[in-house]
Amino acid sequence: MALKLTAYALTVTCILLTRAKSTTANASNNNNNNNAIPPPSTSLSFHPRGDKSHHYRHAFVAPPPKPLASAAYSPSKQNQWRITQQQQRLSRIVLAGKNKYGGENKLSQEELLLELESKVDDYEGRIPSKVVDNDDATTTASTASSSSTSSPTSPHRCALVTILGLPNMGKSTLLNALLSDDLAIATSRPQTTRHAILGVMTTDRVQLCLTDTPGIIHSPAYQLQEGMMDAVKGAVKDADVFLVVVDVYSGLEKKKDGDDDDDDDDDDDDEDGTATEGDLGLPEETMMKLRQAYRPVIVCVNKVDLVADDDGDNIVEQNNGEKKKKSPSSSVYVNTPAKAVQTIQKWRSALPDAFAILPTCAADGPNDPGVVALRSILLANDPNVDVGSAIRGLGRPLPAMFAATKNMISNEEARAILPVGPPLYHPDFFTDRTDRFCASELIRETLFENLGKELPYCCEVRVETFDESERYAGEDDEDDEDLYGVVKSNDKKNRPLVRIGAMILVERDSQKGIVVGKGGQKIKDVGVEARGKLEEFFGVKVFLDLRVKVDKNWRNNKDKLKQFGYM
């Protein structure tokens, strides 16, 4: 028994010694080769840096081998290789003219202009016409093409001109006079214009995008006026040239008949928003924008004929004893009234950098000398325009009319106020407003002229139907002749016709009764007059159907104002 125990002990000892030797050998081999797999064990694998036994589902699965120890994967050498690659990439980027983020290096303004001049030819605005008037023009164009491209009048100019001013200053009238067409409605009532209206005037070398804006209101009373002021702010933001329209009484004390009876005028202040007497009228915020905008400003002192009538200088007695009004060119501009001169001097002191301050009388139409001078300044880039001759038509130049104590401006100086650029619209483009809008504006103009003081401001016109299916009917039909050679016109059924159905919105039931009138007479008179204006505007026969509807508090309803295009 003792011998058996001894033999068993020796056997166990040998086994233990054998295992110890094998473990030592495996450890030494692992130092030389990390891919060596440890011997299987009857228990779960043990990870020297923590218990990772949950990573292995079977007891005899060995852990993943460690990566081979190699000099290529040395951390220090790897970082050095990355640094070298990054330096080489940066050097290539710098040589290519880019910054370290892959973008182009910023050039100075002079370098950028030189690069643009070397790559881009001078822009002439239009393709030269191949049709010439005579052979001399052809010879001149062929022999001096290079000199013509470098001449001062060669680059095409395009400008966004914003017309600003208080209500009832004549902004819409001036726009129509400049365009020589009735685009915007104009009445004697303040705040007639409610939208920003674009009118485009295009010549060979210039395109003017004139924007008529609503009158500036100091403190809007309701949402409609706030939407109108937003339209003014948008037009001011996009303007290249400011055209400020004032009247001769701006900055002067006005005398009114019956100053004691001013209680009736309190309602008008809510509508026109005019300033107190004696100041320039425009809000201080607007004046600061005009001074700090660094954009050309032209001031038009409108309605100079009114002060001439007050002074009695514009009336002449004829041989038959009748009194007749003198023409503006012989009285207002040749002998400028003292009030107009004072107004020009006050605006020069308020806007010392204004390009020009011109007296105008827009109500006299496109041929008024003041309107002609203003149009010549804006179209100075056109070779057929002579700015000096147009200004001399105003008579004796005033000292404060131009900046820097100048008595005259040249075509080059006037041309410089417009930026160089291609036309924004087609040469035949006139306005961005639709026929529906123009129809509603003409009807609203008729309401302003036929209704009382306050009522027109509570009215809105919406065109619900505009049927022009018969607008071009009968244009291709020829008139027939009878046996006696008398020309007979086509049947009335084939005449061009436009059918318009409009709705007049008011705020109260009492206003509806006033618009309709006794027995419908008022709305009938408005319809007859509005139909005549529409037929003259569209050039065809118009069938007009007017209806009146009560829409309470529509001027403060944001949803309705958005639908009507005010917000």
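Please work out which residue is least open to solvent (accessible area, probe 1.4 Å), limiting yourself to region 451-471 and to residues that are charged (D, E, K, R) and within 29 Å of the chain's Cα centre (by Cα).
Pass one, region 451-471, residues charged (D, E, K, R): 453-454, 460, 462, 464, 467-468, 470-471.
This time we only want the ones that are within 29 Å of the chain's Cα centre (by Cα), so: 460, 462, 464.
Values: Glu460: 6, Arg462: 73, Glu464: 113 Å².
The extreme case among them is Glu460.
Of all residues in region 514-527, count the ones that are open to solvent by less than 80 Å² (accessible area, probe 1.4 Å) and part of a helix (DSSP H, G or I).
The total comes to 8.
Identify, please: which residue in region 227-254 is among the acidic types (Asp, Glu) and out of contact with any helix residue (DSSP H, G or I) (no Cβ under 9 Å at 6 or more places or on another chain) and is, among those, surrounded by the fewest Cβ atoms within 10 Å (Cβ to Cβ)?
This residue is Glu253.
Any idea which residue in region 155-202 is surrounded by the fewest Cβ atoms within 10 Å (Cβ to Cβ), counting only those that are of a type in the set (Val, Ile, Thr), in contact (Cβ under 8 Å) with a residue 24 or more places away in the chain and assigned to a loop (DSSP other than H, G, I, E, B)?
Thr187
Out of (1) at pLDDT 80 or above; (2) more than 30 Å from Leu224 (Cα to Cα); (3) crowded, with 16+ Cβ neighbours inside 10 Å, the odd one out for Asn314 is which?
Going through the list (1) at pLDDT 80 or above; (2) more than 30 Å from Leu224 (Cα to Cα); (3) crowded, with 16+ Cβ neighbours inside 10 Å, Asn314 breaks only (1).
Does Glu441 qualify as being open to solvent by 30 Å² or more (accessible area, probe 1.4 Å) and outside any loop (DSSP other than H, G, I, E, B)? First the steps, then the outcome.
Numbers: open to solvent by 30 Å² or more (accessible area, probe 1.4 Å): no; outside any loop (DSSP other than H, G, I, E, B): yes.
Against the criterion (open to solvent by 30 Å² or more (accessible area, probe 1.4 Å) and outside any loop (DSSP other than H, G, I, E, B)), Glu441 does not qualify.
Being open to solvent by 40 Å² or more (accessible area, probe 1.4 Å) and β-branched (Val, Ile, Thr) is the filter here, so list the residues in region 410-438 that pass it.
Val420, Thr434, listed by residue number.
State which residue pairs qualify: first residue on the phi < 0 side of the Ramachandran plot and inside region 541-567, second residue among the polar types (S, T, N, Q) in any location, beta carbons under 7 Å apart, and separation of 6 or more residues or different chains.
Short answer, once both residue conditions are applied: Arg555/Gln223; Asn556/Gln223; Lys558/Gln223; Leu561/Gln223.
Among the listed residues Ala403, Ala363, which satisfies the condition of being open to solvent by 10 Å² or more (accessible area, probe 1.4 Å), in contact (Cβ under 8 Å) with a residue 24 or more places away in the chain and closer than 18 Å to Leu210 by Cβ? Write out each step before concluding.
On the way: Ala403 fails: closer than 18 Å to Leu210 by Cβ.
The unique qualifying residue is Ala363.
Can you find a residue in region 179-196 that is closer than 23 Å to Val299 by Cβ and of a type in the set (Val, Ile, Thr)?
yes
Just give me the residues in region 410-442 being of a type in the set (A, V, I, L, M, F, W, C) and farther than 30 Å from Arg531 by Cα, in sequence order.
Scanning region 410-442 gives Ala414, Ala416, Ile417, Leu418, Val420, Leu424.
Does Phe537 fit the bill of being of a type outside the set (Asp, Glu) and surrounded by fewer than 18 Cβ atoms within 10 Å (Cβ to Cβ)?
Yes, satisfied.
Within region 397-423, how many residues are out of contact with any Ser or Thr (no Cβ under 7 Å at 6 or more places or on another chain) and assigned to a loop (DSSP other than H, G, I, E, B)? I'd like the intermediate steps shown before the answer.
Within region 397-423, the subset out of contact with any Ser or Thr (no Cβ under 7 Å at 6 or more places or on another chain) is 397, 400-422.
Next, only the ones that are assigned to a loop (DSSP other than H, G, I, E, B) stay: 397, 400-401, 403-410, 416-419, 421-422.
The number of residues fulfilling the criteria is 17.
Inspect all residues belonging to region 380-390 and state whether any of them is polar (S, T, N, Q) and out of contact with any helix residue (DSSP H, G or I) (no Cβ under 9 Å at 6 or more places or on another chain).
yes
Tell me which residues, restricted to region 185-224, are under 16 Å from Glu445 (Cβ atoms) and hydroxyl-bearing (Ser, Thr, Tyr).
Thr187, Ser188, Thr192, Thr193
The values are calculated or read from the model by the stated rules, or taken from the named source; none is laboratory data. What you see is a predicted model; the values in this text were computed from it and never measured. Every residue, glycine as well, gets a Cβ built from its backbone with ideal geometry; the counts of neighbours run over all protein chains shown. Quick note on the areas: whole protein, heavy atoms, side chains included, nothing else; ligands and nucleic acids left out. Shrake-Rupley method; radii C 1.70, N 1.55, O 1.52, S 1.80 Å.
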